[in-house]
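The values are calculated or read from the model by the stated rules, or taken from the named source; none is laboratory data. This one's a predicted model, so the numbers in the text were calculated from it and none came from an experiment. Methodologically, a virtual Cβ is constructed for each residue, glycine included, from the backbone with ideal geometry; neighbour enumeration extends over all protein chains shown. The area values use the complete protein model at the heavy-atom level, side chains included, leaving out ligands, DNA and RNA. Shrake-Rupley method; radii C 1.70, N 1.55, O 1.52, S 1.80 Å.
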Amino acid sequence: MAIDAGTLHAPYACDPGRSRGRLYPEPASKGRSPFRRDCDRIIHSTAFRRLKHKTQVFVFDEGDHYRTRLTHTLEVTQVARAIARVLSLDEDLAEALALAHDLGHPPFGHAGERALDECLGAFGGFDHNAQTLRVVTALERRYPSFDGLNLTWETLEGLVKHNGPLTERDGRPLGRYRVHGVPETIREYVALQDLQLWSFASVEAQVAAFADDIAYDAHDIDDGLRAGLFSLDDIAEVALPGAIVADTRAAFPALDDGRVVHEFVRRLIGLLIEDVAAETRGRLAAQTPRSADDVRHAASAVVGFSPTVAAAEGLIKGFLETRMYRHERIRRVMNEAARVVRDLFARYSANPGDLPAEWTEGLSGLDEAARARRIADFIAGMTDRYALAEHARLFDSTPELR
């Protein structure tokens, strides 16, 4: 599709000059676009710094070279910018969405999320995407005139809808929200600023979602190999990884396995990026969107893998699910980590005075659901090591998570 000669962006990209703005109007920056400003605000946020001590798959004391939420986020950001550049999208918006996409994750990865979801079962559950919105619109308190980071509409929309619409046009929940409904955090914010939950998000947001998949597919394999959960020969039994490993060994027959792994990761990321870009170009050519809103109002997503690569990528996910995420060693540690989260929630619920003073302000005046949400906000913001330190402070025995 031809690119507008008057701009560096394709016509279907989000134009920072036409942003729908911020909930709280602010003077424009003299040297930064609205989306670049969003990136900078996210990078300087407290929640972003905490990602360096939050689990991706392995807890912090397993080793120095495993991914954390922060290193994962930086890798997603690199992939998102690469795809956005190829498609002539707004790279700053793609970066902002990648930088912020995991800000709502609690300590201990998905184990912590599942534990908090159980703890909040009677109050709507816990959803990390909703928590990300909560972080950037309420929990970050850095500015004198508003809570949150006051990000642009386009960034908030992308954080909420990067995996697709949340509702039908008439408000009926879609997908995983059909059972319990759209999380209250999202519904409350949409009452202030309509994020059009019924539509798709921008191409940049859809790209950021696939960048997340690409990054963790490749790097979870790398971490799993480093941890000895499976071997290079094991992953080579999966079709796409097997072809890459075979090609690498054929091209470099004397290469040691360590470098084969690095070359494998590099080639896998490159292949997946190229496939997403090619498939997306084809979909855009077929749909001929002339604006970002045409993308939002499309009948289907414009970003995706080709059918062949989608099937191959699904096999990678299946391998990681059985050989890594459900590995007995990982499950044992994560079960203990989930217990830490449940213990903390129960303790703070029964003894609110154990919370830091700033978290108890006004707590007694809240109803049960709001108190539970306040406690979940505190726990979700913890790093792994702070959660363990709090558990050790409040309980006689704390697991070592090794």
Calculated FRET efficiency, residue 32 and residue 146, Cβ-Cβ r, R0 30 Å, to nearest 0.05? 0.95
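Under the Kirkwood approximation for Rh and a Cα-based Rg, what ratio Rg/Rh is obtained for the stretch 128-176? All intermediate terms of the calculation are to be shown ahead of the outcome.
Values: Rg = 12.8 Å, Rh = 12.0 Å.
Rounded to two decimals, Rg over Rh is 1.07.
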Excluding ligands, DNA and RNA, what is the solvent-accessible area per residue of the stretch 207-287 at a probe of 1.4 Å, expressed in Å²? 42 Å²
Could you tell me which of 401, 155, 311 has its Cα farthest along the dipole of the chain towards the positive end, charges placed at Cβ (Lys, Arg +1; Asp, Glu -1), taken about the Cα centre? 155
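Working from the pairwise distances between different alpha carbons, so that the mean of 1/r is found and then inverted, what is the stretch 73-208's Kirkwood radius in Å?
15.5 Å
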Which GluC sites (Glu not before Pro) does the stretch 109-175 hold that lie in a coil by DSSP with at most 12 other beta carbons within 10 Å? 168
Starting from the Cα gyration tensor of the stretch 310-388, multiply each eigenvalue by 5, take the square root, and state the resulting semi-axes largest first in whole Å. 35, 15, 10
Could you check the spin-label model distance between residue 193 and residue 349? Points 7 Å from the Cα along Cα→Cβ, value in nm. 3.3 nm
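Quick check: net charge around residue 147, other residues with Cβ under 11 Å of its Cβ, Lys/Arg +1 and Asp/Glu -1?
Taking every Cβ under 11 Å from that of residue 147, the sum is +2.
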Share of the stretch 106-184's accessible area from carbon and sulfur, percent, 1.4 Å? 45 percent
Run the numbers for residue 283 and residue 180: contour at 0.36 nm per residue of separation, minus the present Cα-Cα distance, in nm. 33.8 nm
Using only the alpha carbons of the chain, determine the length spanned along each of the three principal axes and report them from longest to shortest in whole angstroms. 61, 52, 41
Checked the stretch 261-402 with the C-alpha gyration tensor, a ≥ b ≥ c its square-rooted eigenvalues, rounded below a/c of 1.5, otherwise prolate if a/b is larger than b/c and oblate if not; verdict oblate
For the stretch 236-287, take the alpha-carbon Rg, divide it by the Kirkwood Rh, and send me Rg/Rh. 1.16
Can you work out D for the stretch 47-144 in µm² s⁻¹ from Stokes-Einstein, where Rh is the Kirkwood radius over C-alpha pairs, the temperature is 25 °C and the viscosity is 0.890 mPa s? 168 µm²/s
Span from the the stretch 159-190 Cα centroid across to the the stretch 337-402 one, whole angstrom: 28 Å
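Report the net charge of residues surrounding residue 363, where surrounding means a beta-carbon distance below 13 angstrom and charges are Lys +1, Arg +1, Asp -1, Glu -1. Walk me through the numbers before you get to the answer.
Details: positive: 371, 373, 374; negative: 354, 358, 361, 367, 368, 377.
Neighbourhood net charge equals -3.
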For residue 52, go through the lysines and keep the ones whose alpha-carbon is under 21 Å away, minus same-chain ones fewer than eight residues off. none
Just the number, please: Stokes-Einstein D of the stretch 171-330 in µm²/s, Kirkwood Rh from C-alpha pairs, 25 °C, 0.890 mPa s. 135 µm²/s
What is the spin-label model distance, in nm, from residue 357 to residue 251 if the labels are put 7 Å beyond Cα along the C-beta direction? 6.1 nm
Linear extension gain, residue 123 paired with residue 44, 0.36 nm per residue minus alpha-carbon span: 25.3 nm
